[in-house]
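Working notes, structure below.
Any read-out appearing in this document is the output of simple, stated calculations on the displayed coordinates, not a laboratory observation. The structure displayed is predicted, hence computed values, not measured ones. Positions of Cβ are generated from backbone atoms using ideal geometry, with glycine treated the same way; all protein chains shown enter the neighbour counts.
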Amino acid sequence: MKRKVFVASSIAAALAGCAKITNGLNEWQPAQPILNSAETLNQAIIGTRGTARLYRPGDVTLDYPVNSLDTPHQPEYLSLIESDFTTYRLPVGGLVDHPQTFTLRQLRALATLDQITRHDCVEGWSVVGAWRGLSLGSFLKLVRPKPEARYVVFYSYDHDQSGQQFYGSLNMAQAVHPQTMLALDLNGKPIDAAHGAPVRLRVPTQLGYKSTKWIRNIALVSNFKDIFGGQGGYWEDAGYAWYAGI
Amino acid sequence: MDATAGSSAPLPRARSSEAGVVVRRHSLVTRTTHWVVFIAMIVLTMSGLQIFNAAPYLDASDKSDPARRVLSLDGRTTPAGSVGVTTILGHELTTTHLLGYTDDGQGGETARGFPGWITFPGYQDLAGGRRWHFFFGWVLVLAGAVYLIWGIGRGELSLLILRPSDLPKLWPMQAYYLRLRKEPPDHGKYNPLQKAGYTLVLFVLTPFVIVTGLVLAPGFDAVAQPIVWLLGGRQFARTWHFVAMLAFIGFFFGHVFLVVATGFVNNMRSMILGTYRLGKHEGTGP
């Protein structure tokens, strides 16, 4: 019996050692730039090509999951809900020749893109939704980006528990991809608060964490070094790859 | 030029049945890529289980669909405490402390799919797991490409690939392993079963694991919709990717068993130093 206990505790110790080694390697800073070189290769080779599959109405997942931070609960967002988003304004600025602010009614008038696409979460699950909204590429033409604009940054109404604002970014190729959309409707109804009302991003050629919800304002920039953590997005600042095509 | 020439003095090439002759079996390229791929496969498997843990279930469908779930590892709270439940094709197994509710990689236990001692890193860190997985995915692909290109150029692959003429020797070789036959059939550098195994792993299983992994990437799907369709959809591909990982683990144990059973020291020496003492009925040709 004693021997069994000894064997069992030795195995347990060895197994605990396993996690110690992999945890240590994971936190070993010199490895990080080497590991991140794979992201550069992924982006160079997979990049932003082709188009995501279009599904049929019967393929839609009715119970579209919510997997993000909580629905914003800041007074600014709550008052928007109270006004039924009639007070919503979307400023688009930064490196553009014609900065503008749009009302939801103006955005609705421009919403001509319908697509049923799959949303792939970084966690590994996926869901199909019918989206209606504006092609981001044609929308950006209205504000006339300057030649030096290389990224589009989307700021959200959402904040995490520490107060950090949620944000994300796309490069111009991703932004003008024909399927990249500022979405207003999900499955035939205006997007509800949990799913990113009133305006959210949908990028079917990228993982879901690039599809910023509850968009508050949009800015075109030449780089994102000086924005929050400097990695180009909330999840990127938390360690996820900026290139989310894989 | 002797095709087996290595860093030191070239050793003689043995003819078939020159048992006992020491030959240079594995070149520096073969040995290096073998061990690089070995390390890559360990990290890929462990970081893959880390990634799996972020959604610890598999569906045989295009999009997530609980009605078509083939595997799930769940942690459940019961009046008696937390339990881990593994559901395979609808059959529930209690797997507390191993799967579903298990080692959190930090000295405790929590609800998670695979335990911390088999994931990379041990604690739950999807972003970290993805970094290791994608980097070593490239290591696997590049080391594999070096081996294949070199192997074609130096004729190594023609010794390894299963040929129609090997097929009649498959059963005699298996019978020898099963001790139903005293002697193995005469063969070249690799015996017929080795050729079958390595051909399957190199040209079926490895491409399969790479493609099923790539299909999980929305950026790849956008240029490869027919491949996604062939695999039964994105979530189905995730299931196939998992199955391919199990097949690699099966190969690994079979491989190691045979390394041990057919002359451990001789085999290990051939893959570390390159030299190998030929056995009966063993040659160096195709």
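Largest mean-square fluctuation among A:Arg89, A:Arg200, A:Arg53, in a Gaussian network model of chain A whose springs join Cα atoms under 10 Å apart, belongs to A:Arg53. Phi angles across region A:148-161 convert, under the Karplus curve 6.51 cos²θ - 1.76 cosθ + 1.60 with θ = phi - 60°, into 3J(HN,Hα) values of 7, 6, 10, 9, 10, 9, 10, 9, 9, 6, 7, 9, 7, 5 Hz, Gly and Pro given as x.
For chain A, set up a GNM with springs between Cα atoms under 10 Å and report which of A:Pro57, A:Pro145, A:Pro33 has the largest fluctuation. Looking only at A:Pro57, A:Pro145, A:Pro33, the largest GNM fluctuation is found for A:Pro33.
For chain B, complete DSSP H runs whose alpha carbons reach 20 Å or more along their own long axis and whose mean Kyte-Doolittle score is -1.0 or higher are B:28-53, B:126-153, B:234-261. From the square roots a ≥ b ≥ c of the eigenvalues of the alpha-carbon gyration tensor of region A:52-237, which class results: rounded (a/c under 1.5), prolate (a/b over b/c), or oblate? It is rounded, given that a/c, with a ≥ b ≥ c, falls under 1.5.
Can you compute log10 of I(q)/I(0) for the protein assembly as shown with the Debye formula, treating each Cα as one identical point scatterer, at q = 0.06, 0.10, 0.11 Å⁻¹? Taken in order of the listed q values, log10 I(q)/I(0) reads -0.38, -0.91, -1.05. Membrane-span-like helices in chain A, defined here as complete DSSP H runs extending at least 27 Å along the helix axis by their C-alpha atoms with mean Kyte-Doolittle hydropathy no lower than -1.0, are A:2-26; this is a sequence and geometry rule, not a statement about a membrane. 3J(HN,Hα) along region B:93-101: 10, 7, 10, 3, 6, 10, 10, x, 10 Hz, from the Karplus curve 6.51 cos²θ - 1.76 cosθ + 1.60 with θ = phi - 60°, whole Hz, x for Gly and Pro.
Rg of the Cα atoms in chain B, relative to 2.2 N^0.38 Å, amounts to 1.18.
Estimated from helices alone, the mean residue ellipticity of the protein assembly as shown at 222 nm is -12000 deg cm²/dmol (sum of -39500 (n - 2.57) over DSSP H runs with n ≥ 4, per residue). Measuring nothing but how far apart in sequence close Cα pairs (under 8 Å, 6+ apart) lie, relative to its length, chain B scores a relative contact order of 27 percent. Pairs from the table (B:Lys189/B:Lys280; B:Lys169/B:Lys280; A:Lys141/A:Lys189; B:Lys182/B:Lys280) lying more than 20 angstrom apart at Cα are A:Lys141/A:Lys189. Summing Lys and Arg as +1 and Asp and Glu as -1 over all other residues whose Cβ lies under 12 Å from the Cβ of B:Ile51 gives a net charge of +1. Of the GluC sites (Glu not before Pro) in region A:1-95, the ones in a loop by DSSP (not H, G, I, E or B) with at most 15 other beta carbons within 10 Å are A:Glu27.
When the inverse distances between all different Cα atoms of region B:135-213 are averaged and flipped, the Kirkwood radius reads 14.0 angstrom. Taken over the alpha carbons of region A:1-45 as equal point scatterers, the Debye sum produces base-10 log I(q)/I(0) values at 0.29, 0.32 Å⁻¹ of -0.92, -0.99. The mean number of partner chain beta-carbon atoms within 10 angstrom of a residue's beta-carbon across peptide B:97-109 is 2. Between amide H atoms placed 1.01 Å from N, distances below 5 Å from B:Leu71 occur with B:Leu58, B:Leu89, all of them 5 or more places distant or on a separate chain. Sorting the Cα pairs of region A:16-149 by distance into bins of 10 Å, from 0 upward, gives 9, 19, 31, 25, 13, 3, 0 percent per bin.
Neighbours of A:Thr71 by Cβ distance under 10 Å: Lys/Arg scored +1, Asp/Glu scored -1, total -2. Mean per-residue shielding of peptide B:230-238 is 2, counting Cβ atoms of other chains within 10 Å of each Cβ. Averaging the Cα positions of each part gives two centres, and for region B:238-257 and region A:175-200 these lie 41 Å apart.
Centre-to-centre separation between the Cα atoms of region B:86-149 and those of region A:43-95: 31 Å. Considering only B:Gly250, B:Gly48, B:Gly100, the mean-square fluctuation computed in a Gaussian network model of chain B, springs between alpha carbons under 10 angstrom, is largest for B:Gly250.
Entry note, region A:52-237: relative contact order of 26 percent, from Cα contacts under 8 Å with a spacing of 6+ residues.
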